[in-house]
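Dropping the structure in here first, questions after.
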Amino acid sequence: MLSTESTEILETKISDLMIPSEKVAHVQNQNPLEHALLVLVKTGYSAVPVLDANFHFEGIVSKTMIIESILGIERIEVEKLSKITVSFVMEKDVPTIRKDDTFMKGLKLVINRPFVCVVDESGYFDGILTRRVILKQMNRYLHENNKKDTE
Ligand code: AMP
């Protein structure tokens, strides 16, 4: 049976777990791929959120998407990096989550992706929820309950 403490995890809101937008590396949809690749390589992330000039969430761009878009038949067409904008290669159809959604919704969404973007009702980007944070919470929850069972 779930104890009072253990049910707390289910009531945790995404706002308590997310990385706020000011700490998230992002690119804009009109940036050239060159810039996006630089951001991805410098930060070490495999993907980052894409926003418009007004901070609305647009999608996600990854190193793989960029590399694939410049693959020619016989060579990598590096010159395309400065000609194509992020909006042409990014993934637009990605699920998002709200700040006041629950831990369980976050848990479900990060099963298939390393992070999910937190977006408000007007489409503004609030931050990201990472799989790492969800796993950390789960780990704490399982340890606390295991301890209680053996006491
Ligand atoms: P992590 O769980 O910390 O390994 O992060 C998983 C993924 O979430 C990373 O590979 C990035 O795509 C994204 N991510 C995590 N932290 C940030 C951040 N501060 N800015 C941008 N993207 C991030």
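Every number here is computed from the coordinates shown, using simple stated rules; none is lab data. All of these numbers come straight from a predicted model, not from anything done at the bench. Please note: Cβ atoms are built from the backbone with ideal geometry, for glycine as well, and neighbour counts cover all protein chains shown.
What is the stretch 40-124 by shape, rounded, prolate or oblate, if you read a ≥ b ≥ c off the alpha carbon gyration tensor as root eigenvalues and call it rounded for a/c under 1.5, prolate for a/b larger than b/c, and oblate otherwise? Display every interim value, and only then the final one.
Details: a/c = 2.88, a/b = 1.90, b/c = 1.52.
Prolate, since a/c reaches 1.5 and a/b exceeds b/c.
Rg and Dmax of the chain over Cα atoms: what are they, in angstrom?
Computed over the Cα atoms of the chain, radius of gyration and Dmax are 18.6, 65 Å.
Which value in nm describes the separation of the simple spin-label points at residue 111 and residue 73, placed 7 Å from the Cα toward the beta carbon?
4.3
What's the exposure ranking of 101, 93, 126, 16, going from fewest to most Cβ atoms within 10 Å?
Values: 101 17, 93 6, 126 22, 16 11.
Fewest to most other Cβ atoms nearby, the residues stand as 93, 16, 101, 126.
On to the next question. Would you mind checking the pairs 13/63; 23/63; 42/99; 99/147; 105/147 and listing those with alpha carbons more than 23 angstrom apart? Provide the component values of the computation, followed by the final result.
Working: 13/63 31 Å; 23/63 20 Å; 42/99 28 Å; 99/147 31 Å; 105/147 26 Å.
Over 23 Å apart, Cα to Cα: 13/63; 42/99; 99/147; 105/147.
Provide the gained length on full extension for the span residue 85 to residue 150, in nm with one decimal, where the gain is 0.36 nm per separating residue minus the Cα-Cα distance. Write down the numbers at each step before the final one.
Working: separation 65, 0.36 × 65 = 23.40 nm, distance 5.68 nm.
The span from residue 85 to residue 150 would gain 17.7 nm if fully extended.
Taking the stretch 47-151, which trypsin sites (Lys or Arg not before Pro) meet the DSSP loop condition and have no more than 13 other C-beta atoms within 10 Å?
Details: sites: 63, 75, 80, 83, 92, 98, 99, 105, 108, 131, 132, 136, 140, 147, 148; in loops: 75, 83, 92, 98, 99.
Filter output for the stretch 47-151: 75, 83, 92.
Could you tell me how many degrees, from 0 to 90 and to the nearest 10, lie between the Cα long axis of helix 33-43 and the main elongation axis, the longest principal axis, of the Cα atoms of the chain?
Rounded to the nearest ten degrees, it is 40.
Let me ask you something else. DSSP loop GluC sites (Glu not before Pro) in the stretch 73-103 with at most 10 other Cβ atoms within 10 Å of their Cβ, which ones? It would help to have the intermediate numbers written out before the result.
On the way: sites: 74, 77, 79, 91; in loops: 74, 77.
Sparse-neighbourhood loop GluC sites (Glu not before Pro): 74.
Hey, another quick one. Using helices alone, I'd like the mean residue ellipticity at 222 nm for the chain: each DSSP H run of four-plus residues gives -39500 (n - 2.57), total over residue count, nearest 500.
Values: 7 runs with 61 residues, N = 151.
Value at 222 nm, helices only: -11500 deg cm²/dmol.
Using a simple charge model, +1 on the beta-carbon of Lys and Arg, -1 on the beta-carbon of Asp and Glu, nothing else, what dipole does the chain show about its Cα centre, in debye to the nearest 20?
Numbers: 19 positive and 22 negative charges, 81 e Å.
I would put it at about 380 debye.
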